[in-house]
Every structure is written in C-alpha cells, then in structure tokens.
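Here is the structure we will look at.
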Amino acid sequence: MTKQAETESGNRGLASLERVFLATFFSISFTWAGAAQAEPVRVAMPAKSMTFLNFYVGEKFGAYKAEGLDVSLEVIKTDIGVTGIVTGEIDYITAIGSAMRAAATGLPLKAAMFSMDRVLIYMFAKPAIRSIEELKGGKTVATTGLVATPTYAAKVMARARGLNPDKDLIFIATGDVATSLAALQSGAADVAMLSIPFNFKAEGLGYRNLGNAADFLQTPFAGVGVSDAKQRSNPAQAKRMIRATLKSMEFTKDPANQERVIGLLIDEFKLDRKTAALSLRDINNVLTRDGRTTDDAVRAEIKEIREQAKLKGEVPVGQVVDYKLLMEVLAETKR
C-alpha cells in the first residue's frame, strides 16, 4: 500500500471512529445531574411544524432538562421573534433563515448551529403534468409567499430543468401550505409547493410529485439562532442549548427510538401511523450530522438574501454564522 493510500485509509478510519463516538455520545438515555430547578428558556419558532421535530423531541424526551434548561417552545411570528432575540425577551430562534436574513441586514444575532440544511418542500402538479419541463409557458404555482422559501425552491428546481422561472412560472401567494394544496385541488393552480405531511395528502389524492427540493439545493432551513449579546453574556447557557439540540437530533435519528418519535408525531401533529413513519424517514434524511453545513450552502443563502433584500454590500459568512460555541461543544464531546 502506498503512503497516500495509507493516509487516506487512516483518514477514513478516523472519520468512521468520530461518527461512532458522536453516535455513542448522543444516543441517550437523558439524565440530569444538574441543579434542582431547570433554567427557563424561551425558544421562538414560526409555526408548529415538523421542520422543528427535533426540538419537540428534545422537549418531550428530556434532552433540554438534562442540560438544566426548562425550554418553552413558542409559536411566534418571525419578525416578532427576531425582535425578541435582539431585545433579550426571547432566548433562541429556530427559523434559521430568518435569523440569517436579519443578521445580513446588520442586526446583532447569528446562526449558532443548523439542525436541517436541506429544504423538505415538494413540487406537486396536476396528473396531466409529467415533469418540471412541462411547466414551461406560464404555469401557475401556489406557494406560501412570494419571497418565501417554497418560492425560492420552485425557482431553483425550474432552473435546474432549463426553465426561466421569471417567465415560465406565475406564482400566487396562499399564506399557508394547506391553502396551497387547496389551490391545486380547485384548479386555481397547476402546481403547489408542499411540505410534509401535505405532500402525502396530495399523493393520496392522485397528484403527481415532480420532485423534492432537497435533491436540488442545500440551504440552511432550521437550527439555533442566538443574539450576539447572549453569546457574550451567557455562553454557558448557549452551549447547553446547542448540546441538547444535538442530542435531540441524534435521538430523533436513532433507530432504537423510531417508535417513540413516531408516537410523538401521531400525538403532536395528528397523523396516522403510516404518514408519521414516512414523515420521520424524510426528516431524518435532512438532519445535519453535527450542527454544521457547508460554507457553499451558507453563501448560496446569503446570495438569495442579498437579492431579496436588495443589499448592495458584501455579506461575509461570519456576519450571519458563528460556530464558536458549537465547536467548543463538539470538542468537549471528544474528551
């Protein structure tokens, strides 16, 4: 074996050991040996959505309590959540794209970690439409908002198939995913951009799945956003929040816990067992391995943010993402 081959083999071995170590560290029976009373923490999320499943898992099965945190998961409009982060009324925010958009415009907050870096949004069409290419020529697409992530996803998917989305697609804003599906059913739209579990509902109704945005783009979608002030004044709490979120992600992915997580989906989101199991499968496919995503994915998100907000100046990665505390947590797990 050549030296280069030996080195590559060694690197693969180390990477494998690291994965095994992290899985062992985070495959948890959550126990808390901390203070007698957990510290109250407010976490803003824009909607009760399976996008944030791992946070519900962490709250339900004790990951946050194990770190001495009494987490309150609160559905709060994104703009109010961002304001709350900056003023200190809210401790953390899960709508990581919105946190990055705010940071890009100069507000003092950062993405501290990513729990999901691919977008689980599906393009469903009338049965007569067999491919994305057949949308050419002015087909109507129902989406939650004209500058929302589903619209961005639709444009990326269209471009990948040789279309000009600004000319070939007509977007209509519905406000929510349920209304997007209703627009498809009523004939008001040729296509609807759907998140889980609405994609499974559309499939059951006979509509055609033209693709999953996760196969077309990598972009930060959920995670932990925190203010610069919180990182300075209480880094210990922020690290515990990050550590617990990593643990909740590993708990969600662990095959040994699948029935418990499916049960949570059934109870919290009122799903039947089949839909819950399929939803969990798709969610597990897009959870990050260790809270990080690629710089290219962050730069692509920054590019989209600059175009939407019409920002003229450059926005460096460090202005919207700060992995410092995450890296400390990851380093501590290897001791």
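The values are calculated or read from the model by the stated rules, or taken from the named source; none is laboratory data. What you see is a predicted model, and the numbers here were worked out from it, not measured in a lab. Cβ atoms come from the backbone with ideal geometry, glycine included; neighbour counts cover every protein chain shown. Surface areas here come from the heavy atoms of the whole protein model, side chains and all, with no ligands, DNA or RNA. Shrake-Rupley method; radii C 1.70, N 1.55, O 1.52, S 1.80 Å.
Assorted remarks:
- Rh by Kirkwood over Cα pairs, then Stokes-Einstein D for the chain at 0.890 mPa s and 25 °C, µm²/s: 117 µm²/s
- Here the 3J(HN,Hα) profile of region 244-253, calculated from phi with Karplus coefficients 6.51, -1.76 and 1.60 at θ = phi - 60°, is 5, 5, 4, 5, 5, 5, 5, 4, 4, 7 Hz, Gly and Pro shown as x.
- Between residue 233 and residue 309, the contour length at 0.36 nm per residue exceeds the alpha carbon distance by 24.3 nm.
- Label sites at residue 267 and residue 147, each approximated as a point 7 angstrom past Cα along Cα to Cβ, lie 4.0 nm apart.
- For region 96-183, the solvent-accessible area with a 1.4 angstrom probe is 37 square angstrom per residue.
- With protein chains left intact and a 1.4 Å probe, residues in region 241-306 average 43 Å² of accessible area per residue.
- Rounded percent of accessible protein surface that carbon and sulfur make up, the chain, 1.4 Å probe: 52 percent
- Here the contact order of region 69-193, divided by its residue count and restricted to Cα pairs under 8 Å and six or more residues apart, works out to 24 percent.
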